[in-house]
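Please read the structure below before turning to the comments.
The values are calculated or read from the model by the stated rules, or taken from the named source; none is laboratory data. All values derive from a computational prediction rather than experimental measurement. Here the Cβ positions follow ideal geometry from the backbone for every residue, glycine too, while neighbour counts run over all protein chains shown.
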Amino acid sequence: MVKRFRKLHRRTYRDKFGLFMVEGLNLIQEGLDSGAKLKELAYIETRSEEAAYVRSRLEEPVPVHELNQSLMDYVSDVVTSQGIVGIMEQVDAKYEEILSTDLSLLLVADQVRDPGNLGALLRIADAAGIDAVVMTVGCVDLYNPKVVRSAAGSHFHMPLVRDADVGRLRSDLSDRVKMIGLDPRGDTCYLDEDFTQSMAVVVGNEAFGITEQDRSCLDGTMYILMPGKAESLNVASAAAVVLFEALRQRRIGCGSRDV
C-alpha cells in the first residue's frame, strides 16, 4: 500500500489509474464537497478523529490505513506531513465538454512548467470566477503534488482541461471568443482591452513566453504597464492583474466586496 501511494508522485502512474493524492483534511474536504470520489485514505494515529470524520461523510466505504509517522513521511510529498492523505479520482474535464458550453472568460496556460506557478494560476483563476483553465501540451502535470498543494483546492472548483493544442482551440472557438496573449512586448496595454467580450487569455512559459507557433494563432497580444524598473512579472502575478481587471470591467456580483 505504501509503495502504491508513493508511486502516485509519478505522472505515468497517476494517469494509468486516473488517481492523484491530496494531503490534509482541508483538501480532502474540498474534494468531497465538490463531489470528487475518494478511493483510499491513510492517516497517523494523532489524525484518527479526522479520518473518522472523513469516513462518516462517505456514501460507500473505502480502504483506510493507519500508518506510523515514518511511513507517512515516506508517502508524503512535504517535509512535515499533515498526517492524513487521500487518494482521489482525477477531476479534469474533457476538451469537447468545455467547448460545447457558453464561454465568457478562459485562461490558457501555454507550457507553464513550474508547479508553483501552475498551482497559483489555478487558484487565481478560481478566485476570479472564470469559466475554465486550459493547459497545453508541455505544461507541468495538473496533478503534480506541488501543483495540487499550491492550488489549495481549486482543482475541485472549476473545469480544467489538460494537453490542449492552441491551434485547435483557436479553430474550435472560431469567432465567438477572442484569444489574446499576455506578453511584455505586447501590442496594446491590457487597460485598453475590452474584457466585457468573450475572451481567452493566454499566458506563456516562464522563460520564453508564448511559443511562436501558438502566437500565430492569437488575435493579438497585450502588455501590463510597469513604470518601475522590473522587466517583468511572475506569470501568475501577471495573470492576476489581467483577470481581475476583467472582473472589474464585468462588475461580477461580489456582495459587499464590490470590485
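Brief remarks on what is shown
- Selected residue (criterion: surrounded by the fewest Cβ atoms within 10 Å (Cβ to Cβ)) from residues of the stretch 1-54 that are within 17 Å of the chain's Cα centre (by Cα) and basic (Lys, Arg): ARG11
- Segments classed as helices (runs of 4 or more DSSP H), wholly inside the stretch 19-78, with at least 1 members that are among the aromatic types (Phe, Trp, Tyr): 48-56, 69-75
- Selection within the stretch 57-103: residues that are surrounded by 18 or more Cβ atoms within 10 Å (Cβ to Cβ) and of a type in the set (Gly, Ala, Ser). The member of this set that is nearest to GLN29 (Cα to Cα) is GLY86.
- Of the residues screened, SER81 is one that is in a loop (DSSP other than H, G, I, E, B), over 25 Å from VAL134 (Cβ atoms) and among the polar types (S, T, N, Q).
- The numbered conditions (1) farther than 30 Å from GLN82 by Cβ; (2) in contact with a strand residue (DSSP E or B) (Cβ under 8 Å, 6 or more places away or on another chain) are all true for ARG168 except (2).
- Residue under evaluation ARG55, criteria (1) within 30 Å of VAL203 (Cβ to Cβ); (2) outside the structural domain of ALA152 (by TED's automatic domain parsing), criterion not met: (1)
- Test: residue in the stretch 106-118 that is among the polar types (S, T, N, Q) and surrounded by fewer than 20 Cβ atoms within 10 Å (Cβ to Cβ): no
- Being of a type outside the set (Lys, Arg) and either surrounded by fewer than 18 Cβ atoms within 10 Å (Cβ to Cβ) or modelled with pLDDT of 95 or more (or both) is a property that holds for VAL137.
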